[in-house]
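What follows is one structure encoded as structure tokens, with my remarks underneath.
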Amino acid sequence: MKLYHCLVLFFITLSMAEPGRLGGIARIHRDRLQLPEVKEIIKIALEKIDPCAELSDVLCGTMQVVNGIKYRFKIRTTQKPNCDGGIQGPKISVIRIHLPADRTSEPSFKME
């Protein structure tokens, strides 16, 4: 839970630094997509959604402040070496992360 609070604080700070209006979708600058905190929350989401996927690169991302913060990242993944079957080689996916404003609610993760 401490990690969750740290991530929420980081992303709230990130959202205040981004241009855009409340409720509007704002692009996240490429430099910020490479921050370790961004990659860490994407890795946490991947572990919950697809434990065999390993993050290779964050291609682009957007954020929206609505009842918390909603993120949409286009990512490149590969399959972990210890997993059998599935897609071999790089795969492009979209991952959605919602960090709710309510501290008692859990974050939600979805992959398209």
Practice task
State, to one decimal in nm, how far the label point of SER56 lies from the label point of GLN34, with both points 7 Å from Cα in the Cβ direction.
Solution key: 1.8
Exercise for the section: Could you please report the charge total around LEU59, scoring K, R as +1 and D, E as -1 over all other residues with beta-carbon less than 11 angstrom from its beta-carbon? Expected result: +2
Problem - Inter-label distance for THR78 and ILE44, nm, one decimal - labels placed 7 Å from Cα along Cα-to-Cβ - result: 2.6
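Quick note: the coordinates plus some simple rules give every number you see, no bench work behind them. Just so it is clear, the model here is predicted, and its values are computed rather than measured. Virtual Cβ from ideal backbone geometry, glycine too; neighbours counted across all protein chains shown.
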